[in-house]
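The values are calculated or read from the model by the stated rules, or taken from the named source; none is laboratory data. From a predicted model like this one, the values you see are computed outputs, not experimental measurements. Every residue, glycine as well, gets a Cβ built from its backbone with ideal geometry; the counts of neighbours run over all protein chains shown. Ligands, DNA and RNA are stripped out before the accessible areas are found, and what is left, the full protein with its side chains, is counted by its heavy atoms. Shrake-Rupley method; radii C 1.70, N 1.55, O 1.52, S 1.80 Å.
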Amino acid sequence: MAGERATDGIQAPLPGRCGYFVEKKKRYCKMIVAEGKRLCGEHANTAPNSEGENQRRRIPCPLDPKHTVDEDKLEKHLKKCNSREKPKPIYYVKGINGGYEDAMETPGQQVSICALAKEELEKMIKKLLQATSSLNSKLTDQTLTHKALQEALNDPKNGEFAFKHLKQQASLAGNLERLGLLGSNRCFVEFGAGRGKLSHWIDLALQDAKNVHFLLVERATTRFKVDGKHRSRDSTFERLQIDIVDLSLGKVPLLVRERLPVVGIGKHLCGAATDLALKCLIESYKTKQEDSGKEPLAKRLKSDEMETIAERPMSVSNCTVQSAANRQSVLGIAVALCCHHRCEWKHYVGKEFFSSRGLGAEDFKIFQRMSSWATCGMKRHSIDVGEAEFDSTDQKMQLEEHDFEEESSAYEGTLTVEERENLGRLCKQLIDQGRIWYLQQQGFDSALQYYTSPSISLENVLLTAVPLLKIQQSENS
C-alpha cells in the first residue's frame, strides 16, 4: 500500500518536495510543497498519518477524478483544468473518417477464440486458407537505409532500443526515396506522430528541398517532442492534436493556404488507425480538393518531381474519374503496419474485398483476433509497437497480449506453435490485402513489403501506394 515511508534503496524525498511515497512508481512524490508543509495538496488528505495537514477539503475533479482539487477553488480550477473540453479546431469534423455499423453486426461484442469449439475453429481455418489461397504470400524485402541517418546509426551512444527505431526510420526514409516521394513542394502528414521522430529524419533526408511542410497528427499530449529542433530550418512543423477519425485534412489552414499535395506517412500505425488514415487521405482531403475548383495540384508540381521509381506492374480495373482527383492531391503513402488485432470492422476500408470472398463482419472479428498468433508467445520486450502507441494504452496492451497468449495456448494440443504463427500471418495478410484493394480502386499502385528484419521488429510490413499516373509518366519518360 502506498504511504509515506522509505524503502530499501529508495532515495529520501528531495528538499522542498512531497514526503509521500508512491508505491506504483517506487519513489517519493516530486510535487513542491507549501512553506512549512510536508505533503503536497494532492496527498495531504489521502496519506496515512497526515493528521489533516491540509486544512482545506480536497475533492475529486469532476472532469477527471484521477486528480483532486481544493473544494473552495473548484470553480477556478475548472476553467484551467487540462481535462476541460477545449474549443474544436476548424478541421474537426466528428467522425468524418469513421465507418458504419453493418446491420448484421453485433457492435461492442468481442470474439474470444477460446470460446470456439474445435469444429468451429477448423471451419474458420478452412475459410482463411481458402480466402488466402490466391494471394501471393511472399513479400519482397525492401530493407533499405538512408545516408541522413548513418551518423546516428553509427553513434555508440545510442542504445539497442534507439538503434532499433533508427533502423526502421532509415528504411522508411529509404523507401520514400525509392518511391520518388522525397522532394520539394509537398506536405508530409505523419499519422500517430508521437514525438515526431520519423518526420524529423525525413526532414533531414530532404536536404535542399524547398517549400516542404510537416503536419504531425497525434491525439495524445506528447512529451519530449523533437519539433523544436527544426525552428531554424526552412521546413515548417505543425502539430494537430486530434483523433484521426475526426480530422478533415482539407480544412487544415496550412493546406488550404499552400494548396500542396500530401504524402501520408506513419511508423507502426496501430490497428484501425491505418484505415482511418487512408480514408483521411483518400476521401477527406480529395473531396475538399474537388470542391475547391482551383488549379489542379498536379500542374503545380515541377517536372523534376516526377522521378523514376521502382517498377511494380499491377493491373487495376474500374478506376473512376474520382481517382484522378486523388492523384492530384495525394502523391503517395508509406505506412508501417501494426497491431491487426486492434482493427475494427466498422472502420475497415476493405469490406467489399471481404465480401467478394464470401466473408463478413463475424469472420473479420475472428481473423482479427487470430492475427495476434503471428507475434504472441514472444517476450514483450521483443515486440516493438513503435512511437504511435500512447502511454495510456500500455496497460491495455499488456492485458490484451495476456488474453491472446491464453487463447493461443488453448489450442496447443491441436495446433503447433509454427502453425499458429503461420495462420496469424495469413490473417494479417488478408486484412492488409483489403487495404491494397481499396487503394487500387482509388487509382493507386499499392504493395506490401518487408522494410526491416523480424529481429528489429516483429511488425515489419510496410504498406506503400503511389498514383498510377506517376508510374505511367515514369515509364513514358
Exercise. Computed over the Cα atoms of the stretch 146-287, what is the convex hull's projected area averaged over all directions, in nm²?
Worked result: 8.6 nm²
For this session: Would you kindly state how much longer the chain becomes between ALA34 and ASP155 on full extension, computed as 0.36 nm times their sequence separation minus their alpha carbon distance, in nm to one decimal?
Result: 39.1 nm
For this session: Taking all protein chains together and a probe of 1.4 Å, list LYS94, LYS346, LYS351, LYS37 from the most accessible to the least accessible.
Result: LYS94, LYS37, LYS346, LYS351
Problem set entry | Vicinal HN-Hα couplings computed from phi for the stretch 337-346 (Karplus, 6.51 cos²θ - 1.76 cosθ + 1.60; Hz; Gly/Pro x) | 7, 6, 6, 5, 5, 9, 6, 10, 4, 4
Exercise. Hey, which of these cross-link pairs are over 31 Å Cα-Cα: LYS123/LYS167; LYS30/LYS251; LYS94/LYS267; LYS25/LYS94?
Worked result: LYS123/LYS167; LYS30/LYS251; LYS25/LYS94
For this session: Specify the inter-centroid distance of the stretch 223-284 and the stretch 187-214, based on alpha-carbon positions, in whole Å.
Result: 10 Å
For this session: Would you work out what percent of the accessible area of the stretch 207-255, with all protein chains in place, is carbon or sulfur (probe 1.4 Å)?
Result: 44 percent
For this session: Quote to one decimal, in nm, the extra length available between SER453 and LYS229 on full extension: 0.36 nm per residue of separation minus the C-alpha distance between them.
Result: 77.7 nm
For this session: Report the extension gain between ALA117 and GLU418 in nm, rounded to one decimal, defined as 0.36 nm multiplied by the number of residues separating them, less their alpha carbon distance.
Result: 106.3 nm
For this session: Provide the per-residue ³J(HN,Hα) series for the stretch 212-229, in order, calculated from phi with Karplus coefficients 6.51, -1.76, 1.60 and θ = phi - 60°, each as a whole number of Hz, with x at glycine and proline positions.
Result: 10, 10, 10, 10, 9, 8, 8, 7, 9, 6, 10, 9, 6, 6, 9, 4, x, 5
Exercise. Per residue, what accessible area does the stretch 135-185 have, given a 1.4 Å probe and all protein chains present, in Å²?
Worked result: 52 Å²
Exercise. Can you list the HN-Hα couplings for the stretch 13-22, worked out from phi with the Karplus curve (6.51, -1.76, 1.60; θ = phi - 60°), rounded to whole Hz and with x for Gly and Pro?
Worked result: x, 5, x, x, 10, 5, x, 8, 8, 8
Problem set entry | Point-to-point label distance, LEU74-THR236, nm (Cα→Cβ direction, 7 Å offset) | 4.4 nm
Exercise. Points 7 angstrom from Cα along the Cβ direction at SER134 and SER355: gap in nanometres?
Worked result: 1.7 nm
